[in-house]
Every structure is written in C-alpha cells, then in structure tokens.
Amino acid sequence: MTAIHPSILSADFANLAAELARIPSADAVHVDVMDNHFVPNLTIGLPVVEAIRRATDLPLDIHLMIDDADRWAPRYAQTGAESVTFHAEAAARPPQVAQDLRSCGARAAMALKPQTELAPHLNMLQELDMLLLMTVEPGFGGQSFIDAVLPKISAARRAADDLGGQVAVQVDGGINRETILRAAEAGADTFVAGSAVFGAADPDAAVTELRRLVG
C-alpha cells in the first residue's frame, strides 16, 4: 500500500502546529531528529517530538539520525510515535533495538545510508516493520535524488516480498513528482517528501498528487 510521509524538515519550525494542519491527508508525519554527531546537522530532540505528538493526531514516523540508537530509540517510541527508525550504522545491537521499539508499541524501522551495503543487513528484515533506504546523504533537506540507490531498492523489495511482503520499503531524499516514479518502479512503497510538499502552495494537494502518481 502506497504511503506518503511529508517531512517537517521543510516546514516552518516556528509554526509547526499550523504546518501539520496543512497536511491532513498525509499517511504519517516524518520527523527528522539529528544530533550533529551522526550527521552534520542539528534539528530537534525529545521535547519537540513530545510537543508534536500533542499537536497532531496524524501518525508520527520518527527518523533518528543520531548516535547511540540503542539507548535513545526506545525513548522516542515512548512519546507515542507510531514508528521509529534507527540507523544500522548507529546501533550496536539492531535486533535488540527493534525488539525494544516493538515492546514500546511502535513499529520498528531501520535505515541505511546510500553507501551502506544492503546484503549484510538482509537478515534484519524479519525483525522490522519497515526498511528505510536513504536516497540522499542524511543531514540536510533539498538534496538531489541519488539514482545509484535504485538497485538497492529493488533488492530490498525482492527480499521483503520473500518474507511475505509485510515489511515496507521507504525512501527518503530528493523525492518529487519525477523521482517518486523511479523509486516506486524500483519497489518502494513509502515515500518521504519534504520540499515537494511544504514548498507547494497547497501542501495537502501535493500529498494527494504524489499519491496519485504512484497509487
């Protein structure tokens, strides 16, 4: 099932509640948490995520671009977020992190940077609800989609289908009207879009249009 998750990294941080109200048809809100260690950018932390949780009834899709995911990922699940994504590169024990997230009531998701090989992590799929394949280098919005990730998306889709198709394949980075088609053709079913949504005059119409293109 196709899902569109607008990223608030491209929203107006001074008016987040109002920005969230502009995307009522979104399948979830993608929230990027960055610590200026794992990635060279600093965004928000637990207090803001807790405030976002209070400000919207939309599902929250938390993307942790932070060190020490083993310690912090469960804390974000405890905010009431529906899904929490940690990076394989930042976790000492990915299976345990996934188990902890599910124990907290959240969907467990794991992300891979563009240069991270998929094959060594395929055995994690059975522990996950979603696999996020970054289609830009994590850290900043507004980057261009990396087409070299497309074969990885296809391989992930095949592996997920082999497990019964219960694991979503998400892409994040440079998603717009053109690139979403390539990503969907490769096998992605969940799409994070930032500037393509919040840069539009009508963000919710942009969500609807992206869904129509790949629905």
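Odds and ends about this structure:
- Taking residues in segment 159-172 that are touching a residue at least 60 places away in the same chain (Cβ under 8 Å), and partners anywhere that are in a loop (DSSP other than H, G, I, E, B), the pairs with Cβ atoms closer than 6 Å and at least 6 places apart or on different chains are A168/D189.
- For N41, the conditions (1) at pLDDT below 95; (2) under 16 Å from the mean Cα position of the chain (by Cα) all hold with the exception of (2).
- Residue in segment 19-28 that is closer than 19 Å to V169 by Cα, of a type in the set (A, V, I, L, M) and either at pLDDT 95 or above or more than 16 Å from the chain's Cα centre (by Cα) (or both) present: yes
Yes/no matrix, rows are residues, columns are (1) free of Cβ contacts under 8 Å to residues at least 60 places away in the same chain; (2) aliphatic (A, V, I, L, M); (3) in contact with a strand residue (DSSP E or B) (Cβ under 9 Å, 6 or more places away or on another chain):
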site	(1), (2), (3)
L125	yes, yes, yes
D129	yes, no, yes
D147	yes, no, no
I175	yes, yes, yes
L181	yes, yes, no
G187	yes, no, yes
V197	no, yes, yes
L213	yes, yes, no
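- Restricting segment 108-151 to residues that are among the charged types (D, E, K, R) and not in a loop (DSSP other than H, G, I, E, B), the residue that is nearest to V31 (Cα to Cα) is E127.
- Residues satisfying the stated conditions in segment 183-205, i.e. among the hydrophobic types (A, V, I, L, M, F, W, C) and either in a loop (DSSP other than H, G, I, E, B) or surrounded by 24 or more Cβ atoms within 10 Å (Cβ to Cβ) (or both): A183, A188, F191, V192, A193, A196, V197, A200, A201
- Matching residues, segment 19-40, being out of contact with any helix residue (DSSP H, G or I) (no Cβ under 9 Å at 6 or more places or on another chain) and farther than 22 Å from A92 by Cα: A28
- Hits in segment 82-119 - residues which are in contact with a Lys or Arg (Cβ under 8 Å, 6 or more places away or on another chain) and of a type in the set (S, T, Y): S83
- You will find that of A184, A111, the residue that is among the hydrophobic types (A, V, I, L, M, F, W, C), closer than 19 Å to N41 by Cα and in contact with a Phe, Trp or Tyr (Cβ under 9 Å, 6 or more places away or on another chain) is A111 and no other.
- Of residues in segment 59-74 being farther than 16 Å from R102 by Cβ and touching a Pro at 6+ places or on another chain (Cβ under 9 Å), the one surrounded by the fewest Cβ atoms within 10 Å (Cβ to Cβ): M65
- Residue in segment 9-19 that is in contact (Cβ under 8 Å) with a residue 60 or more places away in the chain, among the hydrophobic types (A, V, I, L, M, F, W, C) and part of a helix (DSSP H, G or I) present: yes
- Considering residues of segment 155-174 that are in a loop (DSSP other than H, G, I, E, B) and among the small types (G, A, S) only, the residue nearest to P114 (Cα to Cα): G173
- Condition check for D129: crowded, with 17+ Cβ neighbours inside 10 Å, touching a Pro at 6+ places or on another chain (Cβ under 7 Å) and charged (D, E, K, R): no
The values are calculated or read from the model by the stated rules, or taken from the named source; none is laboratory data. No experiment lies behind these values; they were computed from the predicted model shown. Note that we place each Cβ from the backbone using ideal geometry, even for glycine, and neighbour counts take in every protein chain shown.
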